[in-house]
Amino acid sequence: MKLYTYFRSSAAYRVRIALNLKQLDHELVPVNLLKSEQQGADYLSKNAQGLLPALETDQGMLAQSLAILEWLEEAFDATPLLPDDAWQKAQVRNFSYAIACDIHPIDNLRVLKYLSNELSVSDEQKNTWYRHWVIEGFKKLEVMLGDDTFCFGDTPTLADVCLVPQVYNALRFNVDMSEFPKIARIYEHCNTLSAFTQAAPENQPDAPQ
C-alpha cells in the first residue's frame with residue numbers, strides 16, 4: 001500500500017497511526033500541501049478530490065481519512081480499533097466524528113489559507129480563529145471521557161487515532177491544555193506507544209530537517 005501524505009496533515013496523521021497500530025506494510029508518498037501539489041495533474045489523476053490523504057491499494061485508490069480508517073478496520077483483523085459491542089462501537093464513532101467532522105474541517109489548512117489570502121485576516125486573527133474552534137470542541141470532548149487509559153478502554157481505538165493529531169496541532173497553535181486534563185493525559189499516554197510517535201509530523205520523511 002502507498003499512503004499519499006503530508007507531514008502536518010491531521011487527516012493523514014490519523015491514517016499513519018492506524019497503519020502503524022495494525023502493523024501494515026506501507027510506503028509514504030509525500031505531497032506538499034503548501035506548494036499545492038495536491039492540485040497538480042499527477043495527483044488529481046490518482047485522487048480526483050485533490051485532498052489528503054489517499055491510500056493506494058491492490059483494489060484501487062481510496063480517499064477520505066475516515067473511509068480509509070473504516071476500510072482498514074474491516075479488511076485487517078489485527079489490532080482492532082473498534083469494540084465488538086455495537087453500542088460501544090457507536091460511542092467511539094461519536095467521539096471520532098466530533099473531531100473529524102466538527103473540529104478539524106473549519107480549522108484545516110484550506111480554511112486557514114482562505115482566511116489569510118482571500119479575507120486578509122492577520123496571523124493573530126487566524127490563530128485566534130483556530131484556537132476558538134479547537135477549545136469549543138475540546139470542551140465537549142472532555143466531558144465525554146472517563147478515567148480509562150485511552151479514550152475508551154485499555155486499548156487504542158479510532159477515537160485515540162483521531163484525538164492525537166488534533167491535540168498535536170492544538171499545541172502547535174498554543175492552545176492551553178490545562179483546561180482539558182483528560183484529553184492531555186490520553187494524548188501523553190498514546191505518545192508512549194511507538195505506533196503514535198512514529199506517525200508524528202516531526203518523524204515523517206517530508207518534515208523539515
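The values are calculated or read from the model by the stated rules, or taken from the named source; none is laboratory data. Predicted model only: the values in this text are computed from it and were never measured. Here Cβ is always computed from backbone atoms with ideal geometry, including for glycine, and neighbour counts include all displayed protein chains. Side chains are part of the model used for accessible areas, which takes the heavy atoms of the whole protein and leaves out ligands, DNA and RNA. Shrake-Rupley method; radii C 1.70, N 1.55, O 1.52, S 1.80 Å.
Results, tabulated for the structure shown:
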| item | result |
| --- | --- |
| Residue within the stretch 11-19 that is in contact with a helix residue (DSSP H, G or I) (Cβ under 6 Å, 6 or more places away or on another chain) and free of Cβ contacts under 8 Å to residues at least 24 places away in the same chain present | no |
| Qualifying residues in the stretch 141-157 (those that are among the aliphatic types (A, V, I, L, M) and in a helix (DSSP H, G or I)) - the one nearest to Glu37 (Cα to Cα) | Leu141 |
| Out of Asp160, Asp147, Asp102, sole residue that is open to solvent by less than 50 Å² (accessible area, probe 1.4 Å), in contact with a helix residue (DSSP H, G or I) (Cβ under 9 Å, 6 or more places away or on another chain) and not basic (Lys, Arg) | Asp160 |
| Residue list for the stretch 67-86, filter: open to solvent by 20 Å² or more (accessible area, probe 1.4 Å), touching a residue at least 40 places away in the same chain (Cβ under 8 Å) and not in a loop (DSSP other than H, G, I, E, B) | Glu73 |
| Long-range neighbours under 8 Å by Cβ, at least six apart or interchain, first residue of a type in the set (Ser, Thr, Tyr) within the stretch 182-209, second part of a loop (DSSP other than H, G, I, E, B) | Thr197/Asn191 |
| Those residues of the stretch 155-190 which are closer than 27 Å to Thr128 by Cα and of a type in the set (S, T, N, Q), in sequence order | Gln166, Asn169, Asn174, Ser178 |
| The stretch 173-190: number of residues that are open to solvent by 30 Å² or more (accessible area, probe 1.4 Å) and more than 14 Å from the chain's Cα centre (by Cα) | 9 |
| Residue, least open to solvent (accessible area, probe 1.4 Å), within the stretch 116-140, restricted to residues that are among the charged types (D, E, K, R) and in a helix (DSSP H, G or I) | Lys126 |
| Selection within the stretch 17-52 - touching a Lys or Arg at 6+ places or on another chain (Cβ under 8 Å) and either crowded, with 16+ Cβ neighbours inside 10 Å or part of a loop (DSSP other than H, G, I, E, B) (or both) | His26, Leu28, Val29, Leu33 |
